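K.L.:
I'd like to ask you about the structure that follows.
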Amino acid sequence: MTKCDECGTRFKWVQIFLNIWSGYRPVPCRVCGTKHKIVYASRVIGSIAIVVPAVIVGFFVPELSMPLRVAGIFGAGFVVSLLLPFVLKYESRYELKGHEKQKDQ
């Protein structure tokens with residue numbers, strides 16, 4: 001699980017889980033308030049991890065009726081997203097990078 005870069009507080013699983021389903025908005029530390037943004041590579045991994053099982057269920061299990069197939073697609077994506085908070089990485093330095101870019105220009 002990701003820790004705050006400033007104070008070392010671990011993010012709660014529910015914070016990261018809700019963040020996955022809300023479009024990867026910056027997550028504030030509940031102790032010091034430092035905002036953390038998901039690392040780009042983690043965003044790609046998370047998206048692929050949710051989509052691939054859904055596609056497998058949707059296209060490669062033809063025996064299912066349409067309602068069961070739709071439920072399977074959403075269910076597969078949801079189950080994978082339950083594990084993603086343990087894998088995804090966040091960092092607070094994204095604000096500094098943007099600030100440094102503006103200085104250089």
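K.L.:
Go ahead and estimate [θ] at 222 nm for the chain from helices alone: -39,500 (n - 2.57) per DSSP H run with n ≥ 4, summed, over the residue count, rounded to 500.
P.N.:
-18500 deg cm²/dmol
K.L.:
Scan around Thr2 for amide H atoms under 5 Å from its own, H built in the peptide plane at 1.01 Å from N, and keep only partners 5 or more places away or cross-chain.
P.N.:
Here the answer is Phe11, since their amide H atoms fall under 5 Å of that of Thr2.
K.L.:
Further, regarding this structure: Nearest 0.05, what FRET efficiency do Phe59 and Val79 give at R0 = 22 Å with Cβ-Cβ as r?
P.N.:
0.80
K.L.:
Can you work out the accessible area per residue across the chain, with the rest of the protein chains kept in place, probe 1.4 Å, in square angstrom?
P.N.:
67 Å²
K.L.:
So, one more: Kindly rank 8-15, 86-93 from highest to lowest mean number of other beta carbons found within 10 Å of each residue.
P.N.:
Top to bottom by mean Cβ count within 10 Å: 86-93, 8-15.
K.L.:
Give the long-range amide H neighbours of Thr34: residues separated by 5 or more places, or on another chain, with amide H under 5 Å away, using H modelled in the peptide plane at 1.01 Å from N.
P.N.:
Answer set, sorted by chain and number: Cys29.
K.L.:
Let me ask something else about it. With +1 on each Lys and Arg Cβ and -1 on each Asp and Glu Cβ, and nothing else charged, work out how big the dipole of the chain is about its Cα centre, in Debye to the nearest 20.
P.N.:
The dipole of the chain has a size of about 260 debye.
K.L.:
Across the chain, how many lysine pairs separated by 8 or more positions, or lying on different chains, have Cα atoms within less than 13 Å?
P.N.:
6
K.L.:
Where does the range 1-80 land on the Kirkwood hydrodynamic radius, alpha-carbon pairs, in angstrom?
P.N.:
One decimal place: 14.3 Å for the Kirkwood radius.
The values are calculated or read from the model by the stated rules, or taken from the named source; none is laboratory data. All values derive from a computational prediction rather than experimental measurement. In this analysis, Cβ positions are derived from the backbone assuming ideal geometry, glycine residues included, and neighbour counts consider all displayed protein chains. For accessibility, only protein heavy atoms count, side chains too; no ligands or nucleic acids. Shrake-Rupley method; radii C 1.70, N 1.55, O 1.52, S 1.80 Å.
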